[in-house]
Amino acid sequence: MVTIQTVSDKSIHQPLGQQKYVAKMIEVQRGAVGTTDMGRKTAAFWRMENLSSTFLKNAKPGESLRDPYLPIEIRPISHCGMGIAAVEVASFQASRIVEVIESFSNPEYRLFAYEGSGAMLALYEPDMFHIGTRGFAFLGLLPLAALRRPDKEKFVQFFEPEIQRLIAHGYGRMLYFKSHSIASAIRAAQKTTSLQLHACIQGVAFAYSMVNNSDLGRVFRAGFNLKETAVGPAFRDGLIYALEFWEWMAPGFLPGFRPHTEFESELIQAASEEIARCRAEGPLAPFLVVHH
């Protein structure tokens, strides 16, 4: 419900120039840093994602995400939002999506934008969920462009393997929103062809973490229960990356987190190590968990 309320908030779909966009993004991010409420931290992601989508769709010549005043904490989510809009601007034409992303993005964070292509690929799949979203759009409750979805396999195969991984992650992220449960989302991912399964399951777990931010104990228990299954490693990576994503955007989140089980401690430790590595090297790795 919070997701729908945030996405449907008309105030985040108003055109902004680059200066106002950067100022608004900083305002939202500072609010996320200044609260311990996980719901507010997570809603900040959705607000910034939508602000970034609107920014691209209304950008004037010369405006882009290469603005040096855009803090590094904001750059990953800003590119995720821009990537979703890139699909709309390019009308799902793969070569045109590349042109839009490569010309508008900060080179160090460009790959985050491709993850949104996968989310859009899942959103526009001709199923009951899409019919429902079209109904909400018709009533003016959700912004939804009228797009013709391409052949999934041809679309995915156009891109290099690393981008295919990100598309699969975005697809899995949207699968969770479209499913009635975590189990049904995983089953749907396992039935999906032409996508990297590990990344798709990781995307499911990432979305599961974000949506259930008020009860991370429940989220971690799901990861523990899946630990010995075939999807366990991928699901674990999704949980780790969700923790990284919160910490990158709102520094100080992880040090203040108190694990209650050994499994939770392992996740926190892995996320902390990844964050330290990325901060030492520069940018946050795009939905990638490195196993040492």
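Once Lys and Arg get +1 and Asp and Glu get -1 on their Cβ, which of PHE245, ILE268, ASN225 lies farthest toward the positive end of the dipole of the range 217-275?
ASN225
Could you calculate the FRET efficiency of ASN225 with ARG149 from 1/(1 + (r/R0)^6), where r is the beta carbon distance between them and R0 is 41 Å, rounded to 0.05?
My answer for the efficiency is 0.75.
What is the magnitude of the charge dipole of the range 153-227 about its Cα centre, with +1 placed on the Cβ of each Lys and Arg, -1 on the Cβ of each Asp and Glu, and no other charges, expressed in debye to the nearest 20?
Charge dipole of the range 153-227: 280 debye, to the nearest 20.
Quick one: order GLU125, GLU49 by neighbouring beta-carbon count within 10 Å, fewest to most.
So the ranking, lowest neighbour count to highest, is GLU125, GLU49.
For the chain, what does the helix formula give at 222 nm: sum of -39500 (n - 2.57) over DSSP H segments with n ≥ 4, over the residue count, nearest 500 deg cm²/dmol?
Mean residue ellipticity, 222 nm, calculated: -21000 deg cm²/dmol.
Please work out how much length the chain gains when fully extended from TYR69 to HIS291, using 0.36 nm per residue of separation minus the C-alpha to C-alpha distance, in nm with one decimal.
76.7 nm
Each residue of the range 226-237 in turn: what ³J(HN,Hα) in whole Hz from Karplus with 6.51, -1.76, 1.60 and θ = phi - 60°, glycine and Pro shown as x?
Along the range 226-237, the couplings run 8, 3, 8, 8, 5, 8, x, x, 5, 5, 4, 4 Hz.
Counting every Cα pair in the range 23-83, what percent are over 16 Å apart?
The proportion of pairs with Cα distances above 16 Å equals 41 percent.
Roughly how many whole Å is it from the C-alpha centroid of the range 47-97 to that of the range 262-290?
Measuring centre to centre over Cα atoms gives 25 Å.
Quick one: if the Förster radius is 22 Å, what FRET efficiency do ASP37 and VAL211 give, using the C-beta to C-beta distance and rounding to 0.05?
Using R0 = 22 Å, I get an efficiency of 0.90.
Taking every pair of distinct Cα atoms and averaging 1/r, then inverting, what Kirkwood hydrodynamic radius in Å comes out for the chain?
19.0
Report relative contact order for the range 2-281 in percent, whole number only (criteria: Cα-Cα under 8 Å, sequence separation at least 6).
15
Mind giving me the nanometre distance, one decimal, between the label points for LYS191 and GLN93, set 7 Å out from Cα along Cα→Cβ?
According to this spin-label approximation, the distance is 3.4 nm.
Note the full-extension length gain between ARG218 and SER103 as 0.36 nm times their separation in residues minus their Cα-Cα distance, in nm to one decimal.
37.3 nm
Laboratory data are not the source of any read-out in this text; all were calculated from the coordinates shown. Since the structure is predicted, the reported quantities are computational estimates derived from the model, not experimental observations. Cβ sites come from the backbone with ideal geometry, for glycine too, and all protein chains shown count toward neighbours.
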